[in-house]
Amino acid sequence: MAASPPLPGSPLGLHRVISPRGVLPQMAECLDTRPDLWPDEVRVRVDRLNLDAASYRQLRTAHDGDGEAIRRAVLEIVRTRGKMHNPVTGSGGMLVGTVEEVGPASPLGLAPGDRIATLVSLTLTPLVIEDGLEAWDGDGEQVPCRGYAILFGRSIAAKLPDDLPTPLALAVADVCGAPALTARVVGRYASPTVCVLGAAGKSGSLAVAAARRAGAARVIGVVPIEEEATLLEASRLADTVVVADACDPVGVADAVGKAGGPADITVVCVDVPGCEGGAVLATADGGTVVFFSMATSFSAAALGAEGVAADVTMLIGNGYVPGHAEYAFDLLRAEPALRALFEARLRR
């Protein structure tokens with residue numbers, strides 16, 4: 001996969017793009033994965049990947065839950081693209097590992113031996129898997145592996161906290177942009193009502209906790225099944241929990257309305273497509289919808305809102321807010337019920 005001749009280094013990683021030339025690494029079809037570093041790069045010895053929920057769900061559905069077929073599919077994506085970039089969902093995930101080598105001009109403040117979580121998507125991270133994923137049975141989003149990855153000058157990484165187990169820290173870091181942006185948006189309102197779709201999941205439960213801490217007057221958690229409702233109700237993180245199919249726009253709007261809505265702020269944290277209409281209808285005029293799901297169709301969201309004359313502001317959660325990782329870790333430490341939800345999810 002090596003590009004020849006080598007291009008001048010770029011903090012954006014443009015020199016790692018094999019095809020098509022001129023696009024950013026996230027949009028590239030294939031990346032250069034050579035282990036040799038440009039001056040501002042960092043090489044990480046990888047020990048665990050975290051596939052994003054939308055990508056893993058798509059792979060599991062496409063292969064009828066066959067773990068071996070899922071494992072082969074992930075290996076093939078990484079082999080052919082030089083990164084974990086699901087061609088169907090367009091999403092990837094993130095990783096944890098140990099810094100192996102740091103280029104002399106790297107601005108990331110990392111040193112060999114640092115245990116880190118990357119806070120940039122696997123869809124733009126050059127990645128090589130060296131063990132064939134032999135320790136992963138294809139069941140679950142977290143993927144133990146051996147290999148290496150490359151970070152650019154404009155990449156983001158966080159040192160892993162010593163007080164949290166690696167699988168737990170990885171699960172939190174994977175979605176740490178959700179609670180930070182939720183808190184920022186809630187802070188722009190005076191005591192808003194907040195609705196979170198997918199409120200018992202990783203990003204959803206963090207968004208619920210962040211909304212409450214940031215001053216929401218009421219937090220409504222929407223979940224798809226009674227089992228998740230029971231878990232979320234027991235946590236007492238949300239004021240009201242309702243069961244509704246997020247893909248049923250009228251059903252979602254009715255359920256949220258009966259629970260005290262419409263919401264001033266709706267946060268979408270589901271991992272299936274088709275939830276745009278419900279999020280829009282559940283939100284009051286003048287309100288804000290924040291889309292954190294990589295399964296979101298942004299054209300459907302925009303055109304759907306226009307079609308029902310909904311005066312709502314729609315935000316794309318891009319996964320980065322300054323200080324987002326530490327904020328999420330602190331939220332987990334401060335909320336035992338939130339940590340319990342994450343640990344229960346990891347045990348499944």
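Nothing in this text is a laboratory measurement; each read-out follows from the coordinates by a stated rule. Given the structure is predicted, the values throughout are model-derived calculations rather than measurements. A quick note on method: Cβ atoms are made from the backbone with ideal geometry, for glycine too, and the neighbour counts reach across all protein chains shown.
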- Mind listing the phi-derived Karplus ³J(HN,Hα) values for the stretch 91-105, rounded to whole Hz, using 6.51, -1.76 and 1.60 with θ = phi - 60°, and x for any glycine or proline? 10, x, x, 8, 9, 10, x, 10, 4, 9, 8, 10, x, x, 10
- Item | Order of 137, 311 - criterion: other Cβ atoms within 10 Å of each residue's Cβ, fewest first | 311, 137
- Query: Once you list every other residue whose beta carbon is under 15 Å from the beta carbon of residue 267, what net charge do they have if Lys and Arg are +1 and Asp and Glu are -1?
  - Reply: +2
- Expected vector for the stretch 262-271, Karplus 3J(HN,Hα) from phi with 6.51, -1.76, 1.60 and θ = phi - 60°, integer Hz, x for Gly and Pro, equals x, 7, 6, 9, 10, 10, 9, 10, 8, 10
- So what is the calculated 222 nm ellipticity per residue for the chain, using -39500 (n - 2.57) for each DSSP H run with n of 4 or more, over all residues, to the nearest 500 deg cm²/dmol? -9500 deg cm²/dmol
- Can you list which of the trypsin sites (Lys or Arg not before Pro) found in the stretch 201-304 are DSSP loop residues with at most 11 other C-beta atoms within 10 Å? 236
- Using the Cα gyration tensor of the stretch 162-267, with a ≥ b ≥ c the square roots of its eigenvalues, what is the shape: rounded (a/c below 1.5), prolate (a/b larger than b/c) or oblate (neither)? oblate
- Task: Provide the gained length on full extension for the span residue 27 to residue 333, in nm with one decimal, where the gain is 0.36 nm per separating residue minus the Cα-Cα distance.
- Result: 106.6 nm
- Note on the structure: If the chain between residue 258 and residue 137 were fully extended at 0.36 nm per residue, the gain over the current Cα-Cα distance would be 39.3 nm
- Extending each Cα 7 Å along its Cβ direction at residue 306 and residue 347, get the distance between those two points in nm, one decimal. 4.9
- Message: Among DSSP bridges having both ends in the chain, what percentage is antiparallel? Round to the nearest 5.
- Response: 55
- Query: Ranked by Cβ crowding within 10 angstrom, fewest neighbours first, how are 297, 106 ordered?
  - Reply: 297, 106
- Tell me, what is the percent relative contact order of the stretch 14-173, built from C-alpha pairs under 8 Å that lie six or more residues apart? 29
- Query: In terms of the Cα gyration tensor, with a ≥ b ≥ c the square roots of its eigenvalues, is the chain rounded because a/c is under 1.5, prolate because a/b exceeds b/c, or oblate?
  - Reply: prolate
- For the pair residue 245 and residue 297, the simple spin-label estimate (label points 7 Å beyond Cα toward Cβ) gives in nm 1.6
- Message: For the ranges 225-231, 77-83, what's the packing order if you count other beta-carbon atoms within 10 Å of each residue, average per peptide, and put the highest first?
- Response: 77-83, 225-231
- Query: Hey, got a sec? Which GluC sites (Glu not before Pro) in the stretch 103-183 land in a DSSP loop and have at most 16 other Cβ atoms within 10 Å?
  - Reply: 130, 134
- Message: Taking θ = phi - 60°, what integer Hz values does the Karplus form 6.51 cos²θ - 1.76 cosθ + 1.60 yield along the stretch 10-27, in sequence order, with x for Gly and Pro?
- Response: 9, x, 8, x, 4, 5, 8, 7, 8, 7, x, 4, x, 8, 6, x, 5, 8
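Taking Cα pairs under 8 Å and at least six residues apart, what relative contact order does the chain come out at, in percent?
Relative contact order of the chain: 14 percent.
Please state the shape class of the stretch 14-173: rounded when a/c is under 1.5, otherwise prolate if a/b exceeds b/c and oblate if not, all from the C-alpha gyration tensor.
It comes out oblate by the Cα gyration axes.
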- Message: Just to confirm the filter: which GluC sites (Glu not before Pro) across the stretch 20-103 are DSSP coil and have at most 13 other Cβ within 10 angstrom of their Cβ?
- Response: none
